[in-house]
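The values are calculated or read from the model by the stated rules, or taken from the named source; none is laboratory data. As the structure is a prediction and not an experimental result, all values here were calculated from the model. FYI the Cβ positions are ideal-geometry reconstructions off the backbone, even for glycines, and counts take in every protein chain you see.
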Amino acid sequence: MRWREELRYKIIFFIPLFAGVLFASCSLWKTREAENPITDNQTNESATSADQVIANLISSLQQKNIHEYEKVFSDTITHTQTYTFIPTQSSAVRYLAVFSSWNKTSEADCFRNIVSAIGSSSIQVSITTISAPIRYQSDSALFRVRYSLVVPHQRTDFTTQITGESDLYLSPNKNNIWMIYRWVDYETKKDSSWSELKGQFSR
């Protein structure tokens, strides 16, 4: 009789233990839901020519790629020129506090605000040269361009149609990567320039 009691005790003890092990092993082999992959933003081609800078500017806007957008502007680490943006006359007056200290970081912060404002929508971009690029010295170029952008934000007090003209001054850094070091903006339609866009989304 004693051996029967011991046997019953062992059965009672091992059944829950075996069930626990079986459940754990099933959990290990259970099919998991697929996780959303994390992908890096597309990287633009290195701007080893002045033309490529303009192409990268357009591409970064279309991709809403803040990192690549920031890369088209000169920095004080690898470039001899500090980036400067000269707004239209009307925007300079309207956003005096904003543009008095505008720099490369301001460009990235502004574009980040634009990307956040439009959500999943896309930016339509057209940047075309007005005339052939002007080469001066051996390592500098001036592009006079006409631009048109559609920025589908939801603000009711500012247009989504951005249009105007700009002078873009470019030169290579010490790694022979061309960058925009000076941007002069001109208004062709009232309150619709790139300067206005930057002024609006700087805050």
Could you tell me whether Y136 is surrounded by fewer than 20 Cβ atoms within 10 Å (Cβ to Cβ), under 21 Å from S90 (Cα atoms) and aromatic (F, W, Y)? no
Does at least one position in the range 124-139 carry a residue that is part of a loop (DSSP other than H, G, I, E, B) and either β-branched (V, I, T) or at positive phi (or both)? yes
Looking only at the range 169-189, count every residue that is closer than 21 Å to I77 by Cβ and of a type outside the set (F, W, Y) and tell me the total. 11
Quick check on this structure: which one of A92, A108 is hydrophobic (A, V, I, L, M, F, W, C), in contact with a His (Cβ under 9 Å, 6 or more places away or on another chain) and at pLDDT 95 or above? A108
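Matching residues to (1) closer than 27 Å to Q42 by Cα; (2) surrounded by fewer than 17 Cβ atoms within 10 Å (Cβ to Cβ):
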{"site": "Y95", "(1), (2)": "no, no"}
{"site": "S100", "(1), (2)": "no, yes"}
{"site": "I123", "(1), (2)": "yes, no"}
{"site": "D157", "(1), (2)": "no, yes"}
{"site": "K174", "(1), (2)": "yes, yes"}
How many residues does the range 124-151 hold that are more than 16 Å from I54 (Cβ to Cβ) and within 19 Å of the chain's Cα centre (by Cα)? 3
Hits in the range 152-192 - residues which are more than 30 Å from T48 (Cβ to Cβ), in contact with a strand residue (DSSP E or B) (Cβ under 7 Å, 6 or more places away or on another chain) and in a loop (DSSP other than H, G, I, E, B): T160, T188, K189, S192
Qualifying position, being without any contact (Cβ under 8 Å) to a residue 60 or more places away in the chain and of a type outside the set (G, A, S), among I118, I86: I118
With criteria (1) surrounded by fewer than 18 Cβ atoms within 10 Å (Cβ to Cβ); (2) over 23 Å from V93 (Cα atoms), A141 comes up short on (1)
Any chance the range 60-72 includes a residue that's over 22 Å from the mean Cα position of the chain (by Cα) and closer than 16 Å to R182 by Cβ? no
Matching residues in the range 193-203 - criterion: being out of contact with any helix residue (DSSP H, G or I) (no Cβ under 6 Å at 6 or more places or on another chain) and either assigned to a helix (DSSP H, G or I) or closer than 18 Å to Q81 by Cβ (or both): W194, L197, Q200
Does F143 satisfy being among the aromatic types (F, W, Y), in contact with a helix residue (DSSP H, G or I) (Cβ under 7 Å, 6 or more places away or on another chain) and in a strand (DSSP E or B)? yes
Only residues that are farther than 17 Å from W178 by Cβ and hydroxyl-bearing (S, T, Y): list them for the range 104-152, please. T105, S106, S116, S120, S121, S122, S126, T128, S131, Y147, S148
